[in-house]
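What follows is one structure encoded as structure tokens, with my remarks underneath.
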Amino acid sequence: MSLELKFEETIAHDQRIEPRDWVPDAYRSTMVRMIAQHAHSEIIGMQPEGNWITRAPSLRRKAILLAKVQDEAGHGLYLYSAAETLGADRGELTEKLIAGKQKYSSIFNYPTLTFADVGVIGWLVDGAAICNQVPLCRSSYGPYARAMIRICKEESFHQRQGYELLMTMMRGTPEQREMVQEAVNRWWWPSLMMFGPPDADSSHTAQSMAWKVKRHTNDELRQRFVDMTVPQAEALGVTLPDPELKWNAARGHHDFGEIDWAEFKQVVSGNGPCNAQRVAHRKAAHDDGAWVREAAAAHARKIDERQRSAA
Amino acid sequence: MSLELKFEETIAHDQRIEPRDWVPDAYRSTMVRMIAQHAHSEIIGMQPEGNWITRAPSLRRKAILLAKVQDEAGHGLYLYSAAETLGADRGELTEKLIAGKQKYSSIFNYPTLTFADVGVIGWLVDGAAICNQVPLCRSSYGPYARAMIRICKEESFHQRQGYELLMTMMRGTPEQREMVQEAVNRWWWPSLMMFGPPDADSSHTAQSMAWKVKRHTNDELRQRFVDMTVPQAEALGVTLPDPELKWNAARGHHDFGEIDWAEFKQVVSGNGPCNAQRVAHRKAAHDDGAWVREAAAAHARKIDERQRSAA
Amino acid sequence: GADLAAYCLMLGDDALIFSHRLQEWCTNAPELEDEVAIANIGLDLLGQARLLLARAGKAEGGDRGEDHYAFFRAEHEFRNVRLAELPRGDFGELIARLLVFSTWRLALFQRLTESRDPVLAAIAAKGVKELTYHRDYAAQWAVRLGDGTEYSRERITEGLASVWPYTDELFTPHPVELRLGEAGVAVDPSAARAEFDDVLGQVLRAATLDTPEAPAIPGVAGRAGRAGVHTEGMGYLLAELQSVARAHPEATW
Amino acid sequence: GADLAAYCLMLGDDALIFSHRLQEWCTNAPELEDEVAIANIGLDLLGQARLLLARAGKAEGGDRGEDHYAFFRAEHEFRNVRLAELPRGDFGELIARLLVFSTWRLALFQRLTESRDPVLAAIAAKGVKELTYHRDYAAQWAVRLGDGTEYSRERITEGLASVWPYTDELFTPHPVELRLGEAGVAVDPSAARAEFDDVLGQVLRAATLDTPEAPAIPGVAGRAGRAGVHTEGMGYLLAELQSVARAHPEATW
């Protein structure tokens, strides 16, 4: 059986590709691109939420938020490791991120402006991420699928914490309720954009679905998210900022308004409210850390040499 | 008449020495040391008060404080200019300050911990400075004397503003009154130390008085300050933190407790609560500005060359 | 009433918030002369802010004074352009920002001297003199840095690149500005763009620098500073600015 | 009651305030592994702070909870050592400070496991495990930096030099510590000095570094962190820490 045939068969039988298996170059590069983009998203995604750790208004919320942002660093670690099983190098991937040659989820190019944003990111952004990611737990690439299982579990936890924060705030002062509504107004449409362009315009979907690295189209996932979120919004007592949003009994789904795809394109192409800030921040941290990484490498070499000369 | 004789006579007749006059080397170096130390004090003194500009709790107080700190920069400018008339160089004096080779008033090595400190510095620290400086308006060195006249005028204004802030705070909430009292407790003794060591231990006083660059001893000025301040404290409603402080009808002065000269020596010798911080801050600002000063010099050279080649 | 109050807050907050960033320079300037100059500009803007916030209070008709606006508003109630609030950078960034800010504001204030609101007209007339000095100071340094050393050229170029994306916002009229502009009370900022471009062009030519080219940084769903949508740096600025006042809400100072 | 509450605030504030400085490292670490580790240490200390502030509230007997202590006290009511509050430096400063802080605190907590107060003893027992990890992390990095490149050696040396003057304060007992120490409830920190010197000596030898020599930085008239007299950086830290809580004093989160 040729390598290619074996690969096709593994995919066809819903079995997993493992690091030592032969894969077509296009599969490898698609997977590295997907996993790296996901890893970058975890790392860049630490910034908007990290922005509120030092100002969190209760010690319990501070601990929850710090633990969450720490989890995101952990997710970044698993995912870069998964990418490394395909021959990628974490350092090189970081360089590509900083140089703007690899993307991360555009949602993180919006600013976090009040503490309610922490809750809304948990509820809507993590919620959308989970919709996107649950199917990836069955991704054909084993290390990615296994990383996603762990990540999805933790993200569900984060989402519940976010929703719980919003519930608490909605039971609080009128200013707190207003703060939640205002945050929902800002994050709702960008959350819908997280599922990517409409199926008609999506360049990667077809091949990704054939390879079973992706299992649903953007529009399918977006609809699932809207249907899931509407009752949660009602329970919370907030209004989703879309006058066209309503139940369509015939479809068995909610209809919703047109997404501002011009805004989506602008942010994806690098010119959202915070793109420059996010990448500059990541670059500064990476540059500031260069001497530390060099020191660790130099020390490891010294130890190595000492052990060899002692042997 | 010899140069030396002429110098002695100018001094004897209470006339002023001017930049072009011959002076003994010791007089020149004493004056440069005095003026530089005073200039450094103005510049370092900007830090403890500058610390509260961005947090001043009313816009009026913010404007007053910013204007005051700006005045101190201005005082620094006049004084460095006066030192330059004796052949010193501002850049070199700054280098000496940063290298710890020239001193500044030790009072600025204490931290400002609440907004009340702004008022107390105006009242006590500027008050003590004025006691020290009024006689310097009759200093034998003309440029210094003239700078001091202008500076004393502005400092009296600052002192009144400081006292007025404290008056306002004492009429405010119990917390504000407590804040004022606590600040007075911290600043009282260091203010008394501003007049320098007791006359018996003062190494510079005798010669400085002979040259009429100084006109009263440390202890005389300290006593004047105490006598002046006690009724002001009463009017304010604060307690000066000295159980031995009381009117001595026989002397016609207030008696007061023993100053902690060990603390004084420790701070003067470089190890007060903020010495390292103050000098490091000044050094960082100076270092950060190096490229700007170089750019200005390079631009001036270019302009000069262009004008010459055009001529 | 409400429109005029909102408009005064816009111009007042621009001055208050940028003044705060200038205050952060205090004790950090490259030379004593600049220490004095930057404090002076900060003071002028603080003075403009106080007059404008007081005017907002009168226009609103309640009992809110300048301190109430400065110390007890939430972030989304501040109406300054985002340029004013950007975190303090190096001296190149300062000069770039001051050049853009003062050129823009001077162009507005010149027009505002003809406002039908006599208080605004008077504030503008006073401000024009101050802003002329601010702009001159920035322009002179822009030339020195641009035509100084290689490094200073790099710094001012980077400074301009970092503030330029926030320039478009300065000339994008808010509905309040348009309504009051038609009434002859306010200035539609888009009317000042040509003058701004002209002055900036002159300064940058003298500094041997190119006009930066960078796309405008959008707000969130079209809402930016004038609508109370700020950058992430704004919350930290306000936390510091308001800390003492809010810790003692009953106090008088 | 009052002494025990004060003592719990001392140990609790040390953890709360140093945790804040570690939180500032978030998204700024040199490597993802360190991002995770620093957040972890920050979380451990935050957890210790919460337990200790809650214990203070019980000991005090009123209705003050952890959040009241964290968000509604004034600066002079915070009893942490000044080492905890120093502004964030570079990674060399972080490692130097963490090494000193965790070595000191571990030595205290080991002794505190035998406190007659069962709550304090339990908090200490939990903390010992955490602090052992913190100290190991710092020690490993101190060795890598000291025996790494020339530049890293310079950075850790400067880091140690900058925190060393605040070391004496750690071992200077406050009257509350002495009184409770005699009662077998608290630990007199001066008893932990020998162990601290010993451990530091071992780590610095492994790192090929000299023990810093620098005079202790005095407080103001003998009063330092434990007496509520802090450094100028503390006010800014609290302004940020307390900003949201104080802007909404009636809110629940």
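The values are calculated or read from the model by the stated rules, or taken from the named source; none is laboratory data. This structure is a prediction, so every number in the text was calculated from the model and none was measured. Don't worry about glycine lacking a Cβ; one is built from the backbone with ideal geometry, like all the others, and counts go over all protein chains shown.
Checking each residue in segment D:3-28 for being more than 14 Å from the chain's Cα centre (by Cα) and without any contact (Cβ under 8 Å) to a residue 60 or more places away in the chain picks out D:ALA5, D:CYS26, D:THR27, D:ASN28. Taken over segment A:117-139, residues that are surrounded by fewer than 24 Cβ atoms within 10 Å (Cβ to Cβ) and polar (S, T, N, Q) amount to 2. All told, B:GLN15 falls short of being farther than 15 Å from B:GLN207 by Cβ and either in a helix (DSSP H, G or I) or touching a Cys at 6+ places or on another chain (Cβ under 9 Å) (or both). Any residue at all in segment C:57-78 that's more than 10 Å from every other protein chain (Cβ to nearest Cβ), buried (at least 24 other Cβ atoms within 10 Å of the Cβ) and part of a loop (DSSP other than H, G, I, E, B)? The answer is yes; a qualifying residue exists. Number of residues in segment D:1-24 that are buried (at least 21 other Cβ atoms within 10 Å of the Cβ) and either part of a loop (DSSP other than H, G, I, E, B) or among the β-branched types (Val, Ile, Thr) (or both): the value is 1.
So that you can scan it fast, the table gives a plain yes or no per residue for (1) among the acidic types (Asp, Glu); (2) in contact with a Ser or Thr (Cβ under 7 Å, 6 or more places away or on another chain); (3) surrounded by fewer than 18 Cβ atoms within 10 Å (Cβ to Cβ):
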{"position": "C:ALA192", "(1), (2), (3)": "no, no, no"}
{"position": "C:VAL203", "(1), (2), (3)": "no, no, no"}
{"position": "C:ALA206", "(1), (2), (3)": "no, no, yes"}
{"position": "C:THR211", "(1), (2), (3)": "no, no, yes"}
{"position": "C:VAL220", "(1), (2), (3)": "no, no, no"}
{"position": "C:HIS230", "(1), (2), (3)": "no, no, no"}
{"position": "C:GLY235", "(1), (2), (3)": "no, no, no"}
{"position": "C:ARG246", "(1), (2), (3)": "no, no, no"}
{"position": "C:GLU250", "(1), (2), (3)": "yes, yes, yes"}
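Scanning segment D:83-125 for residues that are small (Gly, Ala, Ser), closer than 27 Å to D:GLY219 by Cβ and part of a helix (DSSP H, G or I) yields a count of 6. Being among the β-branched types (Val, Ile, Thr) and surrounded by 23 or more Cβ atoms within 10 Å (Cβ to Cβ) is a condition met by at least one residue of segment B:41-50. Of the listed requirements (1) in contact with a helix residue (DSSP H, G or I) (Cβ under 6 Å, 6 or more places away or on another chain); (2) under 24 Å from C:GLU232 (Cβ atoms), C:VAL119 misses just one: (2).
Taken together, the residues in segment A:283-300 that are charged (D, E, K, R) and closer than 22 Å to D:ALA138 by Cβ amount to 3.
You will find that of A:THR229, A:THR217, the residue that is of a type in the set (Val, Ile, Thr) and under 21 Å from A:LYS265 (Cβ atoms) is A:THR217 and no other.
Each residue in segment A:86-125 was checked for being in a helix (DSSP H, G or I), within 11 Å of another protein chain (Cβ to nearest Cβ), under 22 Å from C:THR231 (Cβ atoms) and not polar (S, T, N, Q), and 4 pass.
Scan B:GLY252, B:GLY270, B:GLY237 and give me the residue that is within 19 Å of B:GLU42 (Cα to Cα) and surrounded by fewer than 17 Cβ atoms within 10 Å (Cβ to Cβ). Just a single option satisfies the conditions, and that option is B:GLY270. Would it be correct to say that D:LEU160 is in a helix (DSSP H, G or I) and either within 13 Å of chain A (Cβ to nearest Cβ) or crowded, with 22+ Cβ neighbours inside 10 Å (or both)? In short, yes. All of D:THR208, D:THR252 fail the test of being within 8 Å of another protein chain (Cβ to nearest Cβ) and either of a type in the set (Ser, Thr, Tyr) or at positive phi (or both), apart from D:THR252.
Determine whether segment C:103-111 contains at least one residue that is farther than 29 Å from C:LEU204 by Cβ, in contact (Cβ under 8 Å) with a residue 12 or more places away in the chain, buried (at least 19 other Cβ atoms within 10 Å of the Cβ) and within 13 Å of the chain's Cα centre (by Cα).
no
Of all the residues in segment D:30-39, those that are in contact (Cβ under 8 Å) with a residue 60 or more places away in the chain and either within 7 Å of another protein chain (Cβ to nearest Cβ) or touching a strand residue (DSSP E or B) at 6+ places or on another chain (Cβ under 9 Å) (or both) number 1. Among residues belonging to segment D:214-248 that are without any contact (Cβ under 8 Å) to a residue 24 or more places away in the chain and assigned to a loop (DSSP other than H, G, I, E, B), point out the one that is farthest from the other protein chains (Cβ to nearest Cβ). Restricting to residues being without any contact (Cβ under 8 Å) to a residue 24 or more places away in the chain and assigned to a loop (DSSP other than H, G, I, E, B), the top hit is D:GLY222.
Residues in segment B:180-207 that are of a type in the set (Ser, Thr, Tyr) and surrounded by 20 or more Cβ atoms within 10 Å (Cβ to Cβ): 1 in all.
Residue by residue, here is whether (1) away from chain A (no Cβ under 13 Å); (2) more than 20 Å from D:ALA224 (Cβ to Cβ); (3) touching an Asp or Glu at 6+ places or on another chain (Cβ under 7 Å); (4) part of a helix (DSSP H, G or I) holds:
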| position | (1), (2), (3), (4) |
| --- | --- |
| D:ILE156 | no, yes, no, yes |
| D:TYR166 | yes, no, no, yes |
| D:PRO173 | yes, no, yes, no |
| D:GLY181 | yes, no, yes, yes |
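For segment B:32-46, indicate whether the set of residues that are under 17 Å from the mean Cα position of the chain (by Cα), closer than 18 Å to B:ASP126 by Cα, more than 10 Å from every other protein chain (Cβ to nearest Cβ) and among the polar types (S, T, N, Q) is non-empty. Yes.
The set of residues in segment B:47-82 being within 7 Å of chain C (Cβ to nearest Cβ) and of a type in the set (Ser, Thr, Tyr) consists of B:THR54, B:SER58. Confirm whether C:GLU195 is away from every other protein chain (no Cβ under 14 Å) and either in contact with a strand residue (DSSP E or B) (Cβ under 6 Å, 6 or more places away or on another chain) or among the acidic types (Asp, Glu) (or both). Yes: the conditions hold for C:GLU195.
The requirement of being out of contact with any Cys (no Cβ under 6 Å at 6 or more places or on another chain), part of a loop (DSSP other than H, G, I, E, B) and either under 29 Å from A:TRP187 (Cα atoms) or free of Cβ contacts under 8 Å to residues at least 40 places away in the same chain (or both) is not satisfied by A:GLN37.
Restricting attention to segment B:155-179, the residues that are of a type outside the set (Phe, Trp, Tyr), more than 13 Å from chain C (Cβ to nearest Cβ) and surrounded by fewer than 17 Cβ atoms within 10 Å (Cβ to Cβ) add up to 2.
The set of residues from segment C:80-101 being farther than 22 Å from C:THR132 by Cβ and either at pLDDT below 95 or among the small types (Gly, Ala, Ser) (or both) comprises C:GLY89, C:GLY92.
One residue stands out in segment D:120-154 among those that are buried (at least 21 other Cβ atoms within 10 Å of the Cβ), in contact with a Phe, Trp or Tyr (Cβ under 7 Å, 6 or more places away or on another chain) and not polar (S, T, N, Q): the one that is farthest from A:ASP304 (Cα to Cα), namely D:ALA124.
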